[in-house]
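Inspection log for the structure reproduced underneath, given as C-alpha cells.
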Amino acid sequence: MKPQNDNPLLHAVLNVTEVVSVLWWKFFDWAAVTAWKALAAVSVIVLILGGFIGAGPFAVMLVLSAILIKSVAGGKRRAEIAATEAVTRADVESLERRLLEAQMAALQAQIEPHFLFNTLALIGQFIATDPKRAAEVHADLIKYLRAALPQIRQEGTGQLGQQLALSQAYLNIMRARMQERLSYDIEIEEGLSDAQFPSMMIQTLVENAIKHGLEPKIEGGSIRIAARRQMDELWVEVSDNGLGLDLHIAEGMGLTNIRQRLQILYGSKARLIIETPFEGGARFRIQLPYLQG
C-alpha cells in the first residue's frame, strides 16, 4: 500500500488549494489598498462581464467580498504595507550610508599619502633652511593626523569643533607651503563647538577652495570659515577670494559626495548652497539641523 502523500489526487487537491490561497491573498491585498473609485469601477466591469458569461452570482460574491475587505481591513492593511515599506527604505538608506562612508574613507586613504609625502618633503626642506619653521609644520602635521584619523574611522557625524581643528591644522600646513599666498580666518559662534557636524565635509570644502580657487591664482588669496546658528539650523560657510566658481568644479566628486551624504543623513532638512559673491571667489554653505553633540 502506497503512503498517502503519494496519492496523485491528494497532490492535485493540495496544489489547487495552494494556488487558490495565493490568489485569495493577492485579491485581499488589492481590495484592501485600492482606492474606492477604482474599486467601484472594477466592480462594475466585473458585474457586467459576470452577467455576460453567465457567472453573475460569482461576480456579485466577488464584488461584495472586495467591498467587505475594503471596509474592514483597508486601513489596517495600508498601515502594514506602509510600515513594511518604511522599514525597507530605512534598510536601504542604512546600506547607502555605509557605502558612502566607505567610499569617503577609501577616497581619503588615496588622498592622504599624497598630502603626507608633500608635507614631509616640506619639513625636510625647512630642516635645512629654517629649523624653527620645520618644527612648526611638524607640530601642525601631528595635530592634523590626531584630528583626521578618528574622523576617517567614524561613521555619520562628529563634532563641529573637531572638524574645525582638522581644517585649521591643514590650513597651517598649506600656509607654510604657499607662504604669503595663503591666509585664513576661522569664526565660530560661542557654544557651537559641541554641535554635531558630518565628518570631513568642511575639510573637503577647504581642499576644494585651495585646489581650484587659490593655488591656480598667481597671488593666492584667503579662505574664511564661519559657523553660526540660524534658528534651528547650523550654518557653516567656506568662502574664498580665488578664481571663482567653475561649473565642472561645482559638479565634482567631492561636492557630489557632500550632497549625497547630507541627503542620507538629514533628508530634505539639509542642503549645500553654492554662491558666487559679487566681489569674486566662491562661497559654499552647508545648512543642516542644529543638534547638540
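The values are calculated or read from the model by the stated rules, or taken from the named source; none is laboratory data. For clarity, every value in this text was computed on a predicted model and none was experimentally measured. Note: ideal-geometry Cβ built from the backbone for every residue, glycine included; neighbour counts use all protein chains shown.
With respect to residue 281, determine if the residue is within 23 Å of residue 168 (Cβ to Cβ) and either touching a residue at least 60 places away in the same chain (Cβ under 8 Å) or exposed (fewer than 14 other Cβ atoms within 10 Å of the Cβ) (or both). Talk me through it step by step, then tell me what you get.
On the way: within 23 Å of residue 168 (Cβ to Cβ): yes; either touching a residue at least 60 places away in the same chain (Cβ under 8 Å) or exposed (fewer than 14 other Cβ atoms within 10 Å of the Cβ) (or both): yes.
Considered against the rule, which asks whether it is within 23 Å of residue 168 (Cβ to Cβ) and either touching a residue at least 60 places away in the same chain (Cβ under 8 Å) or exposed (fewer than 14 other Cβ atoms within 10 Å of the Cβ) (or both), residue 281 comes out as yes.
Just one of the listed residues (273, 286) is among the β-branched types (Val, Ile, Thr), at pLDDT below 95 and touching a strand residue (DSSP E or B) at 6+ places or on another chain (Cβ under 8 Å), namely 273. If we scan segment 225-237, do we find a residue that is surrounded by fewer than 17 Cβ atoms within 10 Å (Cβ to Cβ) and under 13 Å from residue 168 (Cα atoms)? Scanning segment 225-237, I find at least one residue that is surrounded by fewer than 17 Cβ atoms within 10 Å (Cβ to Cβ) and under 13 Å from residue 168 (Cα atoms), so the answer is yes. Counting only helices (runs of 4 or more DSSP H) wholly contained in segment 120-223, the ones carrying 3 or more residues that are touching an Asp or Glu at 6+ places or on another chain (Cβ under 7 Å) occupy 160-178. Criterion applied to 175, 146, 181, 224 was being more than 22 Å from residue 286 (Cβ to Cβ) and touching a strand residue (DSSP E or B) at 6+ places or on another chain (Cβ under 6 Å), and the one residue passing it is 175. Per the listing 193, 268, the residue uniquely closer than 22 Å to residue 158 by Cβ and either β-branched (Val, Ile, Thr) or in the same structural domain as residue 164 (by TED's automatic domain parsing) (or both) is 193.
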